Every structure is written in structure tokens, then in C-alpha cells.
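Below: the structure, in C-alpha cells.
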Amino acid sequence: MLGPVILAASRSDRMRRLISAAPVTKQVVDRFIPGETVDEVLPIIRELTGNGLELTMDVVGEDITTPEQAAAARDAYLELIGRLKPLELGPRAEMSVKLSMFGQALDGGHELALANVRPVVEAAAGIGTTVTLDAEDHTTLDSMFAIHEELRKDFPQTGCVIQAYLFRTEEDARRLAAAGSRVRLVKGAYKEPAEVAYQQKHEIDKAYVRILRTLMEGEGYPMIGSHDPRLISIAQELARTAGRKLDEYEFQMLYGIRGDEHLRLAAEGHRMRVYTAYGTDWYGYFMRRLAEKPANLRFFLRSMVSRG
């Protein structure tokens, strides 16, 4: 019940100011976002990869209002790629990008976002890794998929994200489950209307399994974005049934959530990629983490009470 309320708050400037000003907030945010600069996250990258984990890096920030901000977002990713190069991690450290951060919502936003993301994808390929295009609210998806298709012409390893709670996603999955594709499946973390998305958890979970079966039975590379123990077990069974080897799919989880499970899956031989975000514009990302799981909200509220 609280999820939609928190997601609405993620778009509220008043709530942004209130939560950002709370003394305890930064300590809690640090659980999910380990730094604001590349220098602060490089030790985290070394630690996680040293423990047999892989990463997808996200420079947080979505509410872009000018082309100059979009260009700055592009440059932030290019800086990250430049700093990753000497580490020689290759595909063990990829990037995740939100096209809204590259100007997708501005006038001429589709072309602007494509122009800004292309050099990031090219630079990532230059150090032996790739980029995944994150899914945002349903109104942006046609543009995202079109940009994904265009980028794959030159960089076929470019991935994309699909969201189980949207009605359209089963059809999108059938189209995307082709040879060479890389598709991350998540439940979905935006406030969507009942006209386009399932609203009940059990409906979303059932859709997730149906879509994941399509991806596992297809010819692409599925990326299972979930912390749900039941869905993780189902994913393993679907992979076995489809005859997939351990390196023919991967699990992805957020930094700061179920860290022991990250290590357990990696120790079993699974590819386990940690979605690691950093930057100063953390509010929207942080609020969606609270909305996704009641335990995250309880952790935040307990921290505020104890500090008080």
C-alpha cells in the first residue's frame, strides 16, 4: 500500500527538500549509494570484483531540464569509463544508463538522447564492456527501444531492461529474446496506471515468471533482476529446463541489498552482477528503493527514530 505513496513522493520537490535535509538521510542513503564521485566508488569496484562479483554502474540523475545537463551526464559516464580502463575489468564492469538523464524528455529528446548515449556506448566498447539501457515509465519505452535497436546496429552487445508489471512486456520479451540480445528483467519501480500495468504483487510475480520463461527459452542472454528468493529459485529451474549453462544467464541485484546472497550465488558459479549507483542526484533512485521493499522503508524509519 505504501509503494505508490512513496513513488509519488519521489516526484515531489517538497518531499525532496524535507528528506534531503534530514540529518539521518545521508547515513541511510550510503547503504544504497556508496559514493558521490568516481574516486569514492573505485574502492567499492575493486572490493566487489575482488570477491568474484560483477557490476553495472549507474551515475544517478534523471530530472534533466537543459541540453547542458544532458551533456554533463554524458561526460560523467565518459569519465567513469576512463577511470575503469586501467582496471582492465572488461565486461565484469558495465554501465547502466537512463535515457532521461541524456535529455530524452527535452524538445527533440529522442535524437538528443541518442546523440548523447552513442559516445558512451562506443567508449564502453573500447574498454571491452557494454551499456544497458534502463527502462523508465511506460511513456518513454517506445523511444528507448528504438534507440536500443539503433545502437545495436554498431554495438550488438547493448542491453535493455523490460518490466514485468507492464502489460506490453510479454510481447516485448518475445521480440527481444533473439540471438545476441541482452535483456534484464525487473518487476518495475515506477508508479504506473492500471490501464497499462498490473497493480497486485501476485499478478506481477506471475507475469515475471511467464516473461522469464520466454527469455530462458529464447536465444538471447537473460539477466534476472530480482532479490526475491522464490523468483531466484524459479529462475534457476527455468535455466536448467532450458539447458542453459551457468555462463548463459546472470543474476543482478542492487548494491546494499542481500549482500550475502550476492556472494552465495557467485560461490555457486553463477554470474552475479551488482547494480551500483553513485552521484549527488540520488533522491529519485533512493525513493524507488524504499518503495520496492517494505524492509528498506523500515530500515530508513528506524534509523530516523534512533537518530532522533
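The values are calculated or read from the model by the stated rules, or taken from the named source; none is laboratory data. It should be emphasised that the depicted structure is a prediction, and the values quoted were computed from it without experimental measurement. Here Cβ is always computed from backbone atoms with ideal geometry, including for glycine, and neighbour counts include all displayed protein chains. Protein only, heavy atoms only, side chains kept; ligands, DNA and RNA dropped before computing areas. Shrake-Rupley method; radii C 1.70, N 1.55, O 1.52, S 1.80 Å.
Quick one: if you stick a label point 7 Å off each Cα along the C-beta vector at Asp137 and Asp39, how many nm between them?
3.7
Considering only DSSP states other than H, G, I, E and B, which trypsin sites (Lys or Arg not before Pro) in the stretch 136-182 qualify as loop sites with at most 14 other Cβ atoms within 10 Å?
Of the trypsin sites (Lys or Arg not before Pro), the ones in loops of the stretch 136-182 whose Cβ has at most 14 other Cβ atoms within 10 Å are Arg168.
Once R0 is set to 25 Å, what does the formula 1/(1 + (r/R0)^6) return for the Cβ-Cβ distance between Asp260 and Arg240, expressed as a FRET efficiency to the nearest 0.05?
Efficiency computed from Cβ-Cβ geometry: 0.60.
Let me spell out the model: positive unit charges on the Cβ of Lys and Arg, negative unit charges on the Cβ of Asp and Glu, origin at the Cα centre of the stretch 158-247. What dipole size does that give, in debye rounded to 20?
With Lys and Arg at +1 and Asp and Glu at -1, about 180 debye.
In the neighborhood of Gly180, defined by Cβ-to-Cβ distances under 10 Å, what is the net charge if each Lys or Arg adds +1 and each Asp or Glu adds -1?
Result for the local shell: +1.
Within 10 Å of each candidate Cβ there may be at most 11 other Cβ atoms; applying that plus a DSSP loop requirement, which GluC sites (Glu not before Pro) in the stretch 148-235 survive?
Those satisfying the criteria are Glu195, Glu219.
Using a 1.4 angstrom probe, figure out how much accessible area the stretch 137-242 has per residue, in square angstrom, rounded to the nearest whole.
Per residue, the stretch 137-242 has 45 Å² of solvent-accessible surface.
For the stretch 199-266, just say rounded, prolate or oblate: build the C-alpha gyration tensor, square-root its eigenvalues into a ≥ b ≥ c, call rounded for a/c under 1.5, and beyond that prolate if a/b exceeds b/c, oblate if not.
oblate
With +1 on the Cβ of every Lys and Arg and -1 on the Cβ of every Asp and Glu, and nothing else charged, how large is the dipole of the stretch 214-271 about its Cα centre, in debye rounded to the nearest 20?
100
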